[in-house]
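Written below as structure tokens is the structure these notes are about.
The values are calculated or read from the model by the stated rules, or taken from the named source; none is laboratory data. The shown structure was predicted, so the numbers you read here are calculated from the model rather than taken from an experiment. Positions of Cβ are generated from backbone atoms using ideal geometry, with glycine treated the same way; all protein chains shown enter the neighbour counts. For accessibility, only protein heavy atoms count, side chains too; no ligands or nucleic acids. Shrake-Rupley method; radii C 1.70, N 1.55, O 1.52, S 1.80 Å.
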Amino acid sequence: GEMNEAMQRILAEVELDPEIRCVVLTGAGKGFCAGGDVKGMASSGDGTVGQNTIDAAIHRQRVHQRATSGKLFKMPKPTIAALPGAAAGAGLSYALACDLRIMSKAAIMTTAFARVGFSGDYGGSYFMTQLIGSAKARELYLLSDRVSAEEALDLGLANWICEPEELMDKTMEIANRLANGPAVAYRYMKENLNRAMNGEVDDCLDLEATHHIHCGQTEDHRNATKAFVEKKEPVFKGK
């Protein structure tokens with residue numbers, strides 16, 4: 001609970017901080033995130049409601065989910081999940097909510113929910129279905145099998161895999177490329193891509209047109225076109 005609430009505060013801060021151009025989410029220990037505190041649930045005999053009414057518990061869960069995995073997915077900045085080890089349950093949902101995923105070859109993914117009698121939370125069912133399709137997502141949710149880094153890459157759940165000792169170097173390489181990229185264009189690019197997941201084609205076409213014209217008015221665009229003509233690398237300022 002404390003970690004979840006801290007994530008909500010930090011993600012709200014980094015979303016609005018203009019100096020932060022890319023967000024990296026990773027685990028402090030050997031794993032990425034094991035999800036809910038199952039031992040705590042077992043000792044209390046209740047993994048969801050606690051001291052709340054069931055209606056209050058549902059509302060609280062909705063708020064927490066929107067402020068964490070929902071925030072990672074929707075914030076107008078690139079988000080990267082770096083997985084040194086296991087991403088399970090809600091921890092996997094956090095990873096899937098990010099725009100990109102980099103896995104150590106020692107890492108695994110598992111939905112894990114079926115093993116503890118849960119249906120799943122923090123958007124994992126949505127994100128996984130969008131990434132790999134309904135049939136495979138159903139298999140991974142219903143059976144809760146472990147997915148190796150290699151299989152995750154093949155399925156499209158991971159973008160890159162690397163040796164454990166190379167994980168943070170690879171992560172920072174990608175993060176720095178994004179941080180030095182066109183922040184305004186990324187903002188609208190991400191909204192376009194998110195809307196395309198469920199939007200009607202005409203809605204997506206209209207949104208792309210609006211965002212494309214808007215980006216054409218930015219200093220970043222003008223500088224980048226000038227650099228292109230001069231065969232130089234553009235310097236993006238997020239303006």
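List of remarks:
- Scan of the stretch 89-124 for residues that are open to solvent by less than 20 Å² (accessible area, probe 1.4 Å), hydrophobic (A, V, I, L, M, F, W, C) and in a loop (DSSP other than H, G, I, E, B), ordered by number: C98, A107
- Being aliphatic (A, V, I, L, M) and more than 23 Å from M3 (Cβ to Cβ) holds for only one residue in L100, L131, and it is L131.
- The set of residues in the stretch 157-172 being more than 11 Å from R101 (Cβ to Cβ) and either of a type in the set (G, A, S) or not in a helix (DSSP H, G or I) (or both) consists of C162, E163.
- Qualifying residue in the stretch 160-170 (condition: open to solvent by 10 Å² or more (accessible area, probe 1.4 Å) and among the β-branched types (V, I, T)): yes
- Residue pairs whose Cβ atoms lie under 7 Å apart, sitting 6 or more positions apart in sequence or on different chains, and linking a residue in the stretch 125-141 that is open to solvent by less than 30 Å² (accessible area, probe 1.4 Å) to a partner that is outside any helix (DSSP H, G or I), are L140/T111; L140/V147.
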